[in-house]
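The values are calculated or read from the model by the stated rules, or taken from the named source; none is laboratory data. Being a predicted model, the structure only gives us computed values, none of them experimental. Don't worry about glycine lacking a Cβ; one is built from the backbone with ideal geometry, like all the others, and counts go over all protein chains shown. The protein model used for the area step is the full one, side chains on, heavy atoms only, and it has no ligands, DNA or RNA in it. Shrake-Rupley method; radii C 1.70, N 1.55, O 1.52, S 1.80 Å.
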Amino acid sequence: MIAAEALAAGLDTPALCELAGWPRNVDARDIRDAFEQALLESGIELPEPGLARRHALRRLAARLVAGEVAPADLAMDDWWETEVETAQERSFVSLIPQCGCCSEYTLGLDQRRWAAELRIAALALTSSAPVGPGC
């Protein structure tokens, strides 16, 4: 879908056209290779992994603020391992538990208070200056 949306927005490369026609069940490595080729053909550089992770963290915080993701869902990935650089990133990441089953134990807070503090931290992160282009 991302490839099709990029085409609709006017970004047109041979690799992007090919990628837009692929089914969802294609191997993820093949998708990544084709996506990287489409970016190369477009003159767009991929950020280094740490910076990309920080961009993703900011998007996750925005989704939390918008109500698109539940606080408990944040423990489904290893967000707590993200290398952060700003106080806002640090505050948000510090509230993400390592696993969903022990958030109350790990954080020492009741669930409602934790969810409220997490949303406040997410709002602070999304309101802060971006870490670079694309955020």
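Of note:
- Cβ pairs under 6 Å, 6+ apart, first in segment 68-95 and on the phi > 0 side of the Ramachandran plot, second at pLDDT 90 or above and assigned to a loop (DSSP other than H, G, I, E, B): none
- Among the residues of segment 71-89, the ones that are over 16 Å from Pro130 (Cβ atoms), at pLDDT 85 or above and open to solvent by 80 Å² or more (accessible area, probe 1.4 Å) come to 1 in all.
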